[in-house]
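To start, the structure under review is shown below, and the notes come after it.
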């Protein structure tokens, strides 16, 4: 069995950490320069607002959104009350905490694991508005990242995580052991180590799972490093002005070595010289004997490509996760919960339906535990297993799921499979999920994954046009819409558009636009048009003639387009204009040819006889005169034709078409 940790830090903007077991992806974490983790950071903050209705305060810690600080997460030292009252509160809290702390969870979110109910009992005589004031300076730690419109969750109960233990510098607890350490001998040994450590009265430590097999010297060295870190934080706090970052949690490389590394990992391959040096230096301070396992990856093939991990990472961005027998999981994250649907797919190897369902559910339970870690899914999770008729099989699936989730660092609660085949479970939120980190909401579907159909958009457009036309005193309405919707309207709803135009006395322009998916108020525009022209005036007729000439020129250049108005086409008008122009050109060319013919005859007869030349000149003159008169007559005929077509008559087909 080969277990590796791969750290891809070739690019500054992103660092990816992968843990593999026999070339199978079992754990994944990543961090980008744009979205760094704030969880675990310590800030010197200022109370921005106290909200009595929520019994909580909003704190300004330097980010755009204020943090949320519940009353139960405020240490009594920050209460602005008499000293005697504060001592009573601490005494009551001490009495409530004089219980066996050996069943505490480890570091992942120590502040969340404390009993908030007991704290509330100790301070039930007070309200937050009585003991906390606006503008008060406090030292806080981020316990939950910002999510959507919600700000980060805060606490004043500080916890600093090391490799083998967790230091809680401002609590009255006297220590604890991770409940994942089940060996009785190991628990007794750790308890004796905790008693030998010189821990102040206002401090406590929890020994993590990684410290179960460690010596007293190793745990003590880790504890001493955390004490030094806390002393440094206190000095920095005294010199700082709120709001400011006081202590930053380790980056992803240090967190991976601290939290994900175990003795079973045979090697740690790091791509990127700077990250390689950072990993070695951190390992020297944490576990000096394991520095030799860290190696720099120098091959030309990318690290993740070398071990075929790049393709597997892409799969976690898909909502579907396949199973070995042919079944698959469909994972959908919503605002309220994470829904997981188990499907048998092409699984047909078993004898009957019950066996097929059992085998598929077994594989689904094992794969689900992996997918929860890889995708960082948290909160309420509902799994819809394939229905099984035998209760024994349901209990078997529950046990397989619990065993598969045992190695997960997050705190998990698993329920039972109900009569409907549903299993409810909750998982602690360690960091943003893959969907929150790598995806953004679609601007067209608004995150639903669906857009309105063409028919629905068509009807919506008609209703919107009718509403705008009814409330508008303008002549034109312009609407941008998706190309498919525009085609559907022009093909199937042309009568409705014509009816609206006739009813409201307006012109409607539809503009296809592939950049939009839905129709909203921004796509609807009213265009102010010139007032309607006065009919049968000399000025208007001259404007018409000019426009006709321009239109004829455009027609010759290829600019003519079909203008659809009341289902009639005006192409015939442009054709008449073109024919008139062609006839003019032909007549001019014919006249020029006749003018050129006598000139050649005069040149030939010039040297023969002067008298003939003179007579020829007279003949030429008369021919020229006759050709000029013919040309003038032809031009008059053409002008008459044009006037017949373009004349400003009060009635006639021309005025009807243009008006």
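Here are a few things to note about the model shown:
- Per-pair calculated FRET efficiency, R0 = 30 Å: residue 23 and residue 179 via Cβ, rounded to 0.05: 0.40
- The gain in end-to-end length when the residue 280 to residue 440 segment is fully stretched comes to 54.0 nm, 0.36 nm per residue minus the alpha carbon separation.
- Using 0.36 nm per residue and subtracting the Cα-Cα separation, the extra length available between residue 49 and residue 513 on full extension is 162.3 nm.
- Taking the stretch 134-176 and dividing mean pair separation by its residue count, relative contact order in percent (alpha carbons under 8 Å, at least six apart): 26 percent
- Length-normalised contact order of the stretch 136-256 in % [C-alpha pairs under 8 Å, at least 6 apart]: 23 percent
- Based on C-alpha pairs under 8 angstrom that are at least 6 apart in sequence, the stretch 298-393 has a relative contact order of 26 percent.
- Overall form of the stretch 319-438 per C-alpha gyration tensor (a/c, 1.5; a/b vs b/c): prolate
- Residues 314, 64, 363, arranged from fewest to most other Cβ atoms within 10 angstrom of their Cβ, appear as 64, 314, 363.
- Listed from fewest to most Cβ neighbours within 10 Å, the set 490, 238, 374 follows the order 238, 490, 374.
- For the stretch 454-527, the share of alpha carbon pairs falling in successive 10 Å distance bins from zero is 21, 59, 19, 0 percent.
- Here r is the Cβ-Cβ distance between residue 34 and residue 387 and R0 is 60 Å; the resulting FRET efficiency, rounded to 0.05, is 0.85.
- Sorted by Cβ neighbour density within 10 Å, fewest at the top, the residues 264, 27: 264, 27
- Annotation: extensible slack from residue 170 through residue 235 equals 21.8 nm (criterion: 0.36 nm per residue apart, minus Cα-Cα distance).
All of the numbers you see were taken from the coordinates with simple rules; none came from a lab. These numbers come from a predicted model, not from an experiment. Glycine gets a Cβ as well: all are built from the backbone with ideal geometry, and neighbour counts include every protein chain shown.
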